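The values are calculated or read from the model by the stated rules, or taken from the named source; none is laboratory data. The structure presented is a predicted model; accordingly, all values stated were derived computationally and were not measured. Here Cβ is always computed from backbone atoms with ideal geometry, including for glycine, and neighbour counts include all displayed protein chains. Note: areas computed on protein heavy atoms with side chains; ligands, DNA, RNA excluded. Shrake-Rupley method; radii C 1.70, N 1.55, O 1.52, S 1.80 Å.
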Amino acid sequence: MNNELPVERQLVLVTLDNRDWQPATFRYGQFVDAYGLPLDSEKISNWRPVDGSGANAVE
């Protein structure tokens, strides 16, 4: 997984257990889903910015 974290309130896409990408937001040091519920950090295998730039993405 990426060693860098997104900036506060950054919109990102995450994969959980190497499945399809899903939208999330980085808030208060954790990834949250569209409903504001925290995502299990142990299951997040990758993240990338919504804009698609690969600067922070890990392939």
Q. Among all residue pairs at least 6 apart or on different chains, which show Cβ distances below 7 Å where the first residue, located in region 2-24, is touching a residue at least 40 places away in the same chain (Cβ under 8 Å) and the second is exposed (fewer than 14 other Cβ atoms within 10 Å of the Cβ)?
A. Asn2/Val58
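Looking at Val7, is it among the hydrophobic types (A, V, I, L, M, F, W, C), open to solvent by 40 Å² or more (accessible area, probe 1.4 Å) and at pLDDT 90 or above?
It is true that Val7 is among the hydrophobic types (A, V, I, L, M, F, W, C), open to solvent by 40 Å² or more (accessible area, probe 1.4 Å) and at pLDDT 90 or above.
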Q) Has region 27-34 got any residue that is out of contact with any Lys or Arg (no Cβ under 7 Å at 6 or more places or on another chain) and of a type in the set (Lys, Arg)? A) no
**Q.** Residue that is surrounded by the most Cβ atoms within 10 Å (Cβ to Cβ), among those in region 16-55 that are at pLDDT 95 or above and β-branched (Val, Ile, Thr)
**A.** Thr25
